[in-house]
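Throughout, read-outs are computed from the coordinates displayed, never taken from laboratory work. Predicted model only: the values in this text are computed from it and were never measured. Cβ sites come from the backbone with ideal geometry, for glycine too, and all protein chains shown count toward neighbours.
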Amino acid sequence: MTEWQRTDETGVQRSAASTVGIGFLGCGTVGAEAVRILQNRSEEILRRTGVALEVRRVAVRDLSRDRDVPLPADAFTSDPLLVVQDPRVDLVVEVIGGIDPANFLLTEALKAGKPVVTANKELMAKFGPELLELAESAGVDILFEAAVGGGIPIIRPVTESLAGESARRIIAILNGTTNYILTRMTEDGVDLAEVLADAQRLGYAEADPTADIDGHDAAQKAAILASLAFGTRVHDEDVYREGIRDVRAHDVEMAARLGYVVKLVAIADLVPWADTFGVAVRVHPAMIPLTHPLASVRLSFNAIFLEGESVGELMFYGRGAGAGPTAVGLVGDVIDAARNLRQQARGPHLPLPATCPIVPIEDVHSHFYVRLEVADEPGVLSGVAGVFGRHEVSIQKVLQEGRAEDAELVLVTHRGREADVRATLRELVSLTAVKRLAAVFRVINGEEESSFS
Ligand code: HSE
């Protein structure tokens with residue numbers, strides 16, 4: 001015990017030698033909040049976890065900006081490599097986002113034997129396996145709880161609490177912006193453009209909403225989650241992706257009449273495929289039964305619904321973005337990585353071999369909702385039904401709406417193979433009685449699935 005230098009006011013012994021020095025790459029709203037938590041709650045963290053932490057160096061792009069964090073001015077530098085290389089920095093937190101220079105900087109940190117904590121979903125979705133391998137060979141942690149679901153603990157439950165479980169399927173709402181927009185469309189009966197403009201004005205949506213609206217953000221998070229849940233490599237480009245741009249208020253209303261709500265979901269499941277098992281990962285709008293737990297996830301909240309072989313159904317719910325929630329995720333990882341560093345231990349063993357093939361969307365089976373604008377004349381319904389039948393797609397439900405110019409048919413199918421449904425749709429639009437294929441949605445249907453029907 002001779003190394004202990006003092007007993008602090010909390011009654012816990014600490015020493016400068018045992019304190020883990022932290023370097024931050026970036027100090028925007030999330031980074032600044034994480035610095036504030038680490039500095040202002042350091043005594044409490046020490047008392048609760050036995051880990052003494054100190055933020056020692058922070059790299060920022062603009063040195064003149066006030067960050068409102070309890071750090072001396074000389075803690076800041078505009079050179080991020082200086083943070084990584086600083087001998088007083090034992091652990092590196094990355095909150096700059098994007099690929100370059102984050103990938104280079106984290107690679108350098110890991111090579112130097114410094115554990116890394118990151119909230120960077122894009123980096124982990126594209127280069128996660130390489131970084132995990134590097135961390136493994138360096139014998140240190142790379143932790144990324146905040147990269148998926150912000151403040152929702154999901155990476156640690158999947159990789160540690162459920163390490164002995166065999167995950168079957170994940171259905172998740174991983175993007176708050178689109179969930180906010182779809183909630184407003186559902187509850188206020190307004191169209192996407194109107195809600196989006198509103199959300200941008202209120203600061204809920206980015207000026208360039210592409211990453212959210214077109215599903216890129218959710219696809220990156222889905223790739224990370226699927227990789228960990230199924231213990232295989234899933235790259236963000238392996239994720240089939242459709243955004244919400246084509247969702248119309250009319251279909252949102254029709255969904256409600258049929259007992260569904262429209263959500264942008266990420267689905268990952270393990271399915272029999274080509275004489276083996278494959279992982280199918282996709283992000284797209286879907287109709288979810290109002291009885292499904294995910295249907296109650298409103299506004300900008302996120303949730304991950306996981307089905308496991310033994311554990312059954314689990315749901316993780318909370319704020320998927322924002323400074324406070326994301327910073328809490330980062331700080332939890334910092335504490336874990338720091339404790340492991342001091343104990344010369346490592347967190348979960350995560351290198352991911354590509355053990356499962358990726359199933360192409362054409363081979364995925366789903367229920368479908370199809371809305372057709374049709375001629376209002378005898379024989380149309382049987383003609384349309386015949387096309388479904390010829391492609392082996394079975395119809396579960398049909399609704400005929402409107403008269404004359406406004407006539408439309410809404411069909412909900414039983415589970416069908418995506419390629420067969422696409423062939424059906426191609427043939428349907430060639431019928432003279434079909435004026436327009438107005439909408440297609442995949443439907444999560446309780447009928448043949450788990451207990452939520
Ligand atoms: N833009 C994301 C969302 C948060 O709307 O959920 C960051 O991943």
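Brief remarks follow.
- Qualifying GluC sites (Glu not before Pro) in the range 218-324, DSSP loop, other Cβ atoms within 10 Å at most 11: Glu309
- Beta bridges per DSSP, both residues in the chain: antiparallel share near 70 percent.
- Neighbour net charge for Arg184 - beta-carbon separation under 11 angstrom, K R +1, D E -1: -4
- Relative contact order, percent, the chain [alpha-carbon distance under 8 Å, six or more residues apart]: 15 percent
- Kirkwood-Stokes translational diffusion coefficient of the range 361-449, alpha-carbon pairs, 37 °C, 0.692 mPa s, µm²/s: 252 µm²/s
- Counting Cα-Cα pairs of the range 322-416 in 5 Å increments starting at 0 gives whole-percent bin shares of 3, 10, 12, 11, 8, 7, 6, 6, 7, 8, 8, 7, 5, 3, 1, 0.
- Radius of gyration, Dmax [the range 163-318; alpha carbons; angstrom]: 15.7, 51
- 25 °C / 0.890 mPa s Stokes-Einstein diffusion coefficient of the range 23-146, Kirkwood radius on C-alpha pairs, µm²/s: 167 µm²/s
- Annotation for the range 384-414 versus the range 40-105: alpha-carbon center distance of 59 Å.
- For the range 163-318: relative contact order, % (alpha-carbon pairs under 8 angstrom, 6 or more apart): 35 percent
- Mean-position separation - Cα centroids, the range 16-35 and the range 179-251, in angstrom: 31 Å
- Stokes-Einstein, applied to the Kirkwood radius of the chain over Cα pairs at a viscosity of 1.002 mPa s and 20 °C, places its translational diffusion at 90 µm² s⁻¹.
- The range 60-133 - convex hull of the alpha-carbon atoms, volume per residue in Å³: 96 Å³
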